[in-house]
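Colleague: I have a structure I would like to understand better, so I am pasting it below and will then ask my questions one at a time.
No value in this document is a laboratory result; all are computed from the given coordinates. As the structure is a prediction and not an experimental result, all values here were calculated from the model. We place every Cβ from the backbone using ideal geometry, glycine too, and count neighbours over all the protein chains shown.
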């Protein structure tokens with residue numbers, strides 16, 4: 001999956017927490033989020049906050065679908081709240097897809 005198709009797919013499934021997302025879709029959308037947030041932060045703090053809120057739901061949705069792809073529940077994303085759990089999630093996000 002390329003950059004454009006990954007971003008289109010994530011926005012087409014804006015709040016779709018079911019299904020699976022391959023590694024390429026997840027990481028291309030992650031790169032898109034980083035680039036958009038950097039551009040918004042360069043313009044203004046208010047725009048950055050609005051863009052962050054707008055990208056929160058599709059980011060969580062693609063994260064849940066990525067976790068489904070490796071055989072985990074999307075609820076594991078609650079580890080983001082612990083701080084150290086980000087490392088475990090990062091490890092899972094780079095794992096190959098499960099059959």
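Colleague: Can you give the relative contact order of the chain as a percent, counting alpha carbon pairs under 8 Å and 6+ residues apart?
Modeller: 31
Colleague: Can you pull the one-decimal nm distance between simple spin-label points at residue 24 and residue 56, each 7 Å off the Cα toward Cβ?
Modeller: The two pseudo-label positions are separated by 3.2 nm.
Colleague: Given 10 °C and 1.306 mPa s, how large is the Stokes-Einstein diffusion coefficient of the chain in µm²/s, with Rh as the Kirkwood radius over Cα pairs?
Modeller: For the chosen part, D equals 115 µm²/s.
Colleague: How far, in nm, would the chain grow between residue 45 and residue 79 when pulled straight, counting 0.36 nm per residue and subtracting the alpha carbon separation?
Modeller: The residue 45-residue 79 span can extend by a further 9.6 nm.
Colleague: In addition: May I ask you to derive the FRET efficiency for residue 38 and residue 2 from their Cβ-Cβ distance with R0 = 22 Å, giving the value to the nearest 0.05?
Modeller: That gives a FRET efficiency of 0.60.
Colleague: Moving on. Give me the one-decimal nm value for the distance between modelled label points at residue 91 and residue 31, 7 Å along each residue's Cα-to-Cβ direction.
Modeller: It works out to 2.6 nm between the two label points.
Colleague: Also: Dimensions of region 1-58 along principal axes (Cα, Å, largest first)?
Modeller: Computed over the Cα atoms, the extents are 35, 20, 14 Å.
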